[in-house]
There are 2 protein chains.
Amino acid sequence: MDQQVHFTTLATADLDAARRFYVEGLGWRPLLDVPGEIVFFQTAPGAVLAFFEAGKFAQDLGRGPARPEVSGLTLAHNVPDRDAVHAVVEAMTAAGGTLLTAPEDGAFGGVFHALVADPNGVVWEIGHNPGWSVDADGTVRIG
Amino acid sequence: MDQQVHFTTLATADLDAARRFYVEGLGWRPLLDVPGEIVFFQTAPGAVLAFFEAGKFAQDLGRGPARPEVSGLTLAHNVPDRDAVHAVVEAMTAAGGTLLTAPEDGAFGGVFHALVADPNGVVWEIGHNPGWSVDADGTVRIG
């Protein structure tokens, strides 16, 4: 099995709120948008983040609660410096996100980060991590 | 805000089981492995999937239940043909995954797929989707 995640799909109680937040608020461009059902965004080369209406998500899965909620998950977006952490947090809250933890120094490695929930409660960590980098070919370096 | 997810982090009740499944069972190579705490895998150019010990995940998040469980999420891995769906499902179950839905035709678009849970209950969709492709530059095409 290749070491690749092609889709990350999240059960989404309010798909319209997700669209307003990511498309209208943050300026993301959908790869495919099926109203009332699912919105796909490309979030890395070859990788897609999908917001799938929660009832249809449960139906597709064929198991679990009728309206599952996302838990046990964070998504992280890294930025080049501390000022950019503030800027992205402001953009996310202006777009309808909820600030959970204001920008602060993390416990490890010089990380400076904040936590913001999207309108469906999906938790984003917005961070500046001086120990993280991505090579031109996409290879990630940590620590 | 750039349209990029750099880290997808999952609360993981049994980190050793996750390591056995992904590293020993499926042959994945960790980007960084901190025993008892977190294992990082690169899963796309510039993108990382992290399994974070559940108690530390909750502590890091500063909120929520002490041992959160992953819900409302699926990860998908696409393969080039229907035979490969069977092959990956067999590899995953041999590695300790639990078959949830045996390979079958999906409801839409000629998809042929199966669902397998990893040892911590994270649901993977293994699929052959003739309407999905990735260009050489990483651009995803759907439908």
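Just so you know, all these numbers are worked out from the coordinates, no wet-lab data involved. Not measured: the values here are computed from a predicted model. Positions of Cβ are backbone-derived with ideal geometry, glycine not excepted, and every protein chain shown enters the neighbour counts.
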ask   = Based on the alpha-carbon gyration tensor of the stretch B:1-65 and its eigenvalue square roots a ≥ b ≥ c, which shape applies: rounded if a/c is under 1.5, prolate if not and a/b is larger than b/c, or oblate?
value = oblate
ask   = Put a point 7 Å out from Cα along the line to Cβ at A:Pro130; what are the distances to that point in the other copies, in nm, shortest first?
value = 5.4
query = Between A:Val23 and A:Ala91, 0.36 nm times their residue separation minus their Cα-Cα distance comes to what?
reply = 23.2 nm
query = Relative contact order of the stretch B:1-135: what whole-number percent is it, with Cα pairs under 8 angstrom and at least 6 residues apart?
reply = 24
query = Between A:Gly106 and the same site in the other copies, what are the distances in nm, shortest first, taking label points 7 Å from Cα along the C-beta direction?
reply = 3.2
key: Point-charge dipole on Cβ atoms (K/R +1, D/E -1) for the stretch B:15-143, about Cα centre, debye to 20   = 280
ask   = So what's the protein assembly as shown giving for Rg/Rh, alpha carbon basis, Kirkwood Rh from the mean inverse pair distance?
value = 0.93
query = For A:Ala117 and B:Ala136, what does the FRET efficiency come to when R0 = 45 Å and r is the distance between their Cβ atoms, rounded to the nearest 0.05?
reply = 0.80
Efficiency of FRET from Cβ geometry, A:Arg82 and B:Lys56, R₀ 25 Å, rounded to 0.05 = 0.55
message = Past the 27 angstrom mark, what percentage of all C-alpha to C-alpha distances in chain A do you count?
response = 26
query = When the dipole is taken about the Cα centre of the stretch B:74-143, and only Lys, Arg (+1) and Asp, Glu (-1) are charged at their Cβ, what size is it in debye, to the nearest 20?
reply = 80
note = If each part is reduced to its alpha-carbon centroid, the stretch B:97-116 and the stretch B:8-37 end up apart, in Å, by 24
